[in-house]
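The values are calculated or read from the model by the stated rules, or taken from the named source; none is laboratory data. Values in this document were obtained by computation on a predicted structure and should not be read as measured data. With ideal geometry, Cβ positions are generated from the backbone for all residues, glycine too; neighbour counts draw on all protein chains shown. Areas reflect the complete protein model, heavy atoms only, side chains present, ligands, DNA and RNA absent. Shrake-Rupley method; radii C 1.70, N 1.55, O 1.52, S 1.80 Å.
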Amino acid sequence: MIKKIIYIIFITVFTLGLYANKVFCANYYLLTDIGTSARSISLGSIEGFSEAANTVFENPAGMYRIDSAAASFFTTTIMDEVYYNSVAVCSDTPIGKFGVGYMEASIYDIPHTGLNTSDRLYVKSYFDFKNYLYKLSYAYSLNRNIHLGASLVNYSTEFWEIKGKGSDLDLGCIVDYDDLELSFIARNAFSGDVTFNNDGKEVLLARYIFSGKYTYDEFEIFGQIRDKETKKLLSIGLSYKPRLIPYFEINAGHKEFLVLNRVKKNLTLGVGLNISGIGFYYAYEKSEHFEYDNKNYFSVNINL
Amino acid sequence: MNSLKTMKTIYMHYKKTLRSIVYFALIFVTICSAEVKAEYELPNYSFIRANSYNVTFNADGDAAELYNLRRTETEKTYRVLSFGYKPMHNESIVFSESAEPDYNVEPKVIGKPLFYPNPFRLRENARLGYELSKDMDIEIRMYDMRGNEIFKSNFESGTLGGLRGYNTLYLTQSTFDFYDLPSGVYFFILIHAEKVLARGKFAIMP
């Protein structure tokens, strides 16, 4: 009976989400778009197959892979200006798997300006910018093959005299058939708002991510389709774990991403080292920035 | 006696013509030397330089040297409240400063390039102000918080954006193809000859 109710809730929310109104105003900047683990980024930003605690940020249903407890840390700096950091922890309990995640982006010393009498601009003071989110996640396995998860998400933005807050719900489902695994994510399933203290409002636009992983011998092959602002974005990834050194992996990917309304493409690369439940991952991608034309990402996972 | 008579006859005969020549010369001298009070609205692109230097300006086919430029209260334009009219027989329409040539001046951005207001709402527009040490080609690029390029534009030397002195450019929604940018911090760089001369950041409010 409980299983039937859970099925109905999931199917209803997914269906409502698919027909949700696409509001044509500014969409809130989602921190998680940068990526939440170096491994996922190196695979072309494929989401849903993390075996670490950062699955809280991707697909909460993925917590079914956590045996007892896990922690993840991720960091990157973009253009020497934007500092991204995240931490997530998960734990197995008798009533299911629980996880908590925190992610932030910080920028410092932004000039607050004025105009002088000779029409020149000057700096009055400096302010900082901080965008952060909390996720509280729960995962429940319906059976050996089907796993469901949900995350309550709280978004916040603070800069100058501006403060904004909003909440929404992420839903996830993972279907696991031996070598084939499928992941479905409804991010911001209710298309909520972030409201600001200056009467501004931004939309937490619902996003749907469908991805698959197929394991073939020493290779893992990934594919993903993402729905973002009326565009469908594709990603593919490949992971190679040599049989001789199973704690080492090489990852590569190709992803499409959206900049304003234009779809752009990028190649990604990465390596990983996973020894006794402690994993170190690095990802690289080319940037189109004039000065900082390389992006580097690092993450550490601990699985107990 | 005869010669005086002859001169008088000639004068009487060419009286009108001579009088016209004298009047014309007097008018010519008056026009050339007098300071003419007038109002003239310079085109938008010229005001920055006009504020700092004397300029040559083509008026009705003749170039004239303008001076004593004064700024009015209007935000976008400068008004010439008085100027001296001096024919220069310069057929080209050029805005050249009377200051020293700037070949030996190092290309640089003086001070920090800034946005005003900052932070701002995109639909309410903002201005970018920066000062260049000389006329030069300038490329401006802007990036979002993920390092993605969202704007790129070139400003030729001698035009607004690439002028010696203070340059003011306006940022509107059309700058980003009317895309409603999310609130957050954005970054920009000023490039000249493949070298970053200055960088800055601005914040957009919801």
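Under 5 Å between amide hydrogens, built in the peptide plane, is the criterion, and for residue B:155 it picks out B:138, B:139, B:140 among residues at least 5 positions away or on other chains. Compared with the dominant Cα axis of chain A, that is its longest principal axis, helix A:2-18 is turned about 40°.
For residue A:112, the residues 5 or more places off, or on other chains, whose built amide H falls under 5 Å of its own are A:124, A:125, A:126, A:127. Counting Cβ atoms of other protein chains within 10 Å of each residue's Cβ and taking the mean over peptide A:257-263 gives 4. Exceedance of the 26 Å cut-off in Cα-Cα distance is limited, within the set A:286/B:201; A:97/A:232; A:97/A:201; A:135/A:286; A:130/B:108, to A:97/A:232; A:97/A:201; A:135/A:286; A:130/B:108. The residues of the stretch A:147-247 expose, per residue, 45 Å² of accessible area to a 1.4 Å probe.
Across peptide A:73-84, what mean number of C-beta atoms from other chains lies inside 10 Å of a residue's C-beta? Across A:73-84, the average partner-chain Cβ count within 10 Å equals 3. Roughly speaking, what is the centre-to-centre gap between the stretch B:151-181 and the stretch A:280-304 when only Cα atoms are used, to the nearest Å? With the stretch B:151-181 and the stretch A:280-304 each reduced to a Cα centre, they are spaced 32 Å.
Taking the inverse of the mean 1/r over every pair of distinct Cα atoms in the stretch A:159-304 gives a Kirkwood hydrodynamic radius of 18.1 Å.
Solvent-accessible area lost on pairing B with A (1.4 Å probe, both sides summed) amounts to about 4100 Å². Using a Gaussian network model on chain A with a 10 Å cutoff between Cα atoms, which of A:131, A:27, A:188 fluctuates the most? Residue with maximal mean-square fluctuation among A:131, A:27, A:188: A:27. Counting only Cα atoms, the size of the stretch A:22-166 along its three principal axes is 72, 30, 27 Å, in decreasing order.
Proximity of backbone amide H atoms, modeled 1.01 Å from N, is registered between residue B:134 and B:108, B:165 at under 5 Å, excluding neighbours fewer than 5 places apart on the same chain. Relative protection proxy for A:278-286, B:146-154, B:179-187, from highest mean packing down: B:179-187, A:278-286, B:146-154 (other beta-carbon atoms within 10 angstrom).
Counting protein heavy atoms only, the stretch A:80-153 has 57 percent of its accessible area on carbon and sulfur, 1.4 angstrom probe. Stretching the chain fully between residue A:125 and residue A:104 yields a gain of 5.2 nm (0.36 nm per residue, less the alpha carbon separation). Remark: the stretch A:180-223 is approximated by an ellipsoid whose semi-axes, taken from the C-alpha gyration tensor as √(5λ), come to 37, 9, 5 Å, largest first. Counting, for every residue in A:117-124, the Cβ atoms of other protein chains within 10 Å of its Cβ and taking the mean gives 6.
Karplus-derived 3J(HN,Hα) values for the stretch A:114-121, using 6.51 cos²θ - 1.76 cosθ + 1.60 with θ = phi - 60°, are x, 10, 8, 5, 8, 6, 9, 8 Hz; glycine and proline are entered as x.
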